[in-house]
Amino acid sequence: MPDTEPKGLRNHSRFDNLIFAVLSRGWRTDEIESYPDRIDRHSSEMPTRIAESFANIDSKATGVLTHVSLMIAGLGLVAPLVATNDVETGIVVFEIGVYLLIAIGCLRCLSIGRVNDMDIDKNGMAWMRHELFLRRELYRLCVRAAIGFTLIVFLLLPVMFFWKPERAL
């Protein structure tokens, strides 16, 4: 009996097949089969300037996300040096929490919608206008928050390192 399974599907691991099953749950077979064509149509119908704007936001949000990740790691490393009591530990934990919120914003700037949401024929330019506005303004908020909060951390860390509460009394 001839093997009718497409050759590419046999090469996937069980883990890949599990992920595919979870991600494609609720999708009709024709939606999965037309997926590459719909992505191609979406890409070809998207105006060049909007596509460039999305790419620009993606690269900039990636840079901010890298900065935020390094700040989280740095705060985790210096916490034992600067946090000598519960209040100082709470400050460092709060700072890490703020950076995590900024990271969530950056990750949203990088997220892509479902191909069904991108159907230009059905939704016209509404999806693109909404998504472009959301990403640009969210990126702007994230970069300003990262700059401002990094300045605050820059000023607080030396104070926390050199100030000893037992000497203040």
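The values are calculated or read from the model by the stated rules, or taken from the named source; none is laboratory data. Fair warning: this is a prediction, and the values are worked out from it, not measured in the lab. So basically every Cβ, Gly included, is an ideal-geometry build from the backbone, and we count neighbours across all protein chains shown. We work out accessible area using only protein heavy atoms, side chains counted, and drop any ligands, DNA or RNA first. Shrake-Rupley method; radii C 1.70, N 1.55, O 1.52, S 1.80 Å.
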Original post:
Looking at Phe149, is it open to solvent by 30 Å² or more (accessible area, probe 1.4 Å), aromatic (Phe, Trp, Tyr), modelled with pLDDT of 95 or more and more than 23 Å from His42 (Cβ to Cβ)?
Top reply: no
Original post:
Looking at Asp37, is it within 20 Å of Ile112 (Cα to Cα), at pLDDT 85 or above and more than 25 Å from the chain's Cα centre (by Cα)?
Top reply: yes
Original post:
In the set Leu23, Leu107, which member is of a type in the set (A, V, I, L, M) and over 19 Å from Ala146 (Cβ atoms)?
Top reply: Leu23
Subject >> Only listed residue being closer than 30 Å to Leu151 by Cα, modelled with pLDDT of 85 or more, buried (at least 16 other Cβ atoms within 10 Å of the Cβ) and among the β-branched types (Val, Ile, Thr), chosen from Val87, Val98, Val93 >> reply: Val98
Original post:
Which of the residues belonging to segment 60-108 are polar (S, T, N, Q) and within 11 Å of the chain's Cα centre (by Cα)?
Top reply: Thr62, Thr66
Original post:
Taking the stated definitions as given, is Phe20 more than 30 Å from Glu137 (Cβ to Cβ), open to solvent by 40 Å² or more (accessible area, probe 1.4 Å) and among the aromatic types (Phe, Trp, Tyr)?
Top reply: yes
